[in-house]
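Structure first, commentary second.
The values are calculated or read from the model by the stated rules, or taken from the named source; none is laboratory data. Every value quoted in this text rests on a predicted model; they were computed, and no experiment measured them. Counting neighbours? That spans all protein chains shown, and the Cβs are built from the backbone with ideal geometry, glycine included. The protein model used for the area step is the full one, side chains on, heavy atoms only, and it has no ligands, DNA or RNA in it. Shrake-Rupley method; radii C 1.70, N 1.55, O 1.52, S 1.80 Å.
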Amino acid sequence: MDSIKILKNKTITDVPFFKATGIHCGLKKVKKDLCVIYSEKKAVAAAVFTSNKVKAAPVLLNMKTIANGNIQAIVANSGNANACTGATGYKDAITMAELTAKELNLTPDEVMVASTGIIGEPLKFDKITKGIKMACENLSYDGGNDAASAIMTTDTFQKKIAVEFTLDNKKVMISAIAKGSGMIHPNMGTMLAFVVTDANISKTMLDAALKTSVVDSYNMVSVDGDTSTNDMVIVLANGAAENKLIDSEDSDYDIFKVALHFVNVELSKMIAKDGEGATKLLEVIVNNAKTLKDAKVCSKAVVTSSLVKTAFFGADANWGRILCALGYSGADLNVNAINIFFSNNMGNIQICKNGGNIPFDEALAKNILDEEKITITIDLSDGDFSATAWGCDLTYGYVKINGSYRS
C-alpha cells in the first residue's frame, strides 16, 4: 500500500526503545539458539497460539501470562521445543521467565516464553540459565538480526520485515521476525512470529487487530499439513510514537490494522517460501466462491495437497490434481464451472475450463512452472467471495530433512 513504507535493512531493534540479542548457549552445536527481546518502556501485548491440543509448555504458560497488562520481554530458544515434557517442562518454562525477569528487573508475568526444535526432550537447563544471563547482558539496539538468527531451526534465511506509516501525524513503526520451515499448517495453530511496534494502542484493540489478521495470514499458510505444538504470534506495543491512544475502531485503528496485516502477510509468504526442501512459493487464489468459507477451504485444500505440491516440484501442469483437491475440500461448488490459471512473470495461461480439458501451450506452462513463484488462480464462477493461501512444492529435500531431524 502507498501509505505503508517498507524500511530496508531495518529490524525489530530499530523500533524505538526495543532492544534484542541472539546468542549461542549450547542447545545447538554451533548456531545461535537463544534470544531475548526487550522493551525499555511498558508495553501491552496480544498473542495467538497453536490450535493443536498437544501444546508445548511455553504455550501453556503464555496463555496465562498474556492476560497481564504489561509485557516487556520475550525469551525464546531454538533447538528444543520443550513440548511433551510434562510437569518438568512447564516448570522449566516458568523458570525461563523468572530468570529473564530477574535480569531485566521485571516480574515473571511480564515475560513471554517461546521454544522451538525437537519435541519430547528435556531442556538442557544449565545451558539455558547461563544463556539467559549472557543474552540479557548483551541486549542492544543492534541486536535484531542476531535475534532473528537465534530462533531459526531448519530455516534457510532470516524472516524479518520493518514498515513505517502515519498515525495522528506521527511516524509509527512495526517490525517483526519469524521462523518456520516445517510443521507448518493453517490454524496456528513449527512457527514463531514476534512483532514489535511503537504504536500507542490499547491491549483490547491490539488483540482485535492481531486476531483479525491471523485468520487471513498465518492461518492461510501450509508447508506440510502438520500443525505444530509450539506455534505462536506475539505482538508488543510500547506506545513510544505517542500518537493518540487507539482505544476504539476509528480511522487510526483501521490504518494500524492494515499495516499489521501487511507485516503478517509478508512474513507468511516468507515462511511458505522457505518450506523445508522447497524450491517454489505457491500462491493459490480462489475467486467467485459461494461463501468465504468455501473460498478458504478450497485454497487450503490445493496448497496442502501432496500430489499438487509434487506436480509443481516437477513443473508438471497437472490440473487434474488441483480439481481433485477442490473436489474433496468439502466446499459447496459447481465442478462444471471451474476455471484454472497459472501465472507469474513468464506469463498467464488457462489450463482448465469449465471443469475440463482445454488445449494449452505446454511450453509456456513449463516456463511458468519452472519459476520460483507461481500463482494458481481458481475461478469457481459460483459467487462473490475470494481467499488466498500460500504454500510450497514438495521435494526430495523435505523427506531428507525430516527423515533425520533428531540426528
Subject >> Isotropic mean projected area of the C-alpha convex hull, segment 80-161 (nm²) >> reply: 6.1 nm²
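For segment 114-177, state which chymotrypsin sites (Phe, Trp or Tyr not before Pro) are in a DSSP loop and have at most 15 other beta carbons lying within 10 Å of their beta carbon.
Numbers: sites: Phe125, Tyr141, Phe157, Phe165; in loops: Tyr141, Phe157.
Loop-located and lightly packed - Tyr141, Phe157.
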Subject >> Accessible-area composition of the chain, carbon plus sulfur, in percent [1.4 Å probe] >> reply: 51 percent
Original post:
Which entry in [x] 21.3, 63; [y] 19.2, 56; [z] 21.6, 69 matches Rg and Dmax of the Cα atoms in Å derived from the coordinates of this structure?
Top reply: [z]
Original post:
What is the antiparallel percent of DSSP beta bridges lying wholly in segment 21-167, to the nearest 5?
Top reply: 55 percent
Original post:
Of all DSSP beta bridges located in the chain, what percent are antiparallel, nearest 5?
Top reply: 70 percent
Subject >> Spatially proximal aspartates and glutamates relative to Lys102 (Cα-Cα < 19 Å; intrachain offsets below 8 disregarded) >> reply: Glu40, Asp92, Glu110, Asp126, Glu137
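Kindly report the accessible area of segment 214-289 per residue (heavy atoms of protein chains, probe 1.4 Å, no ligands, DNA or RNA), in Å².
Values: 2260 Å² over 76 residues.
Ligands and nucleic acids excluded, the result is 30 Å² per residue.
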Original post:
If you keep only loop residues by DSSP, which trypsin sites (Lys or Arg not before Pro) in segment 29-72 have at most 16 other Cβ atoms within 10 Å of their Cβ?
Top reply: Lys29, Lys31, Lys41, Lys42, Lys53
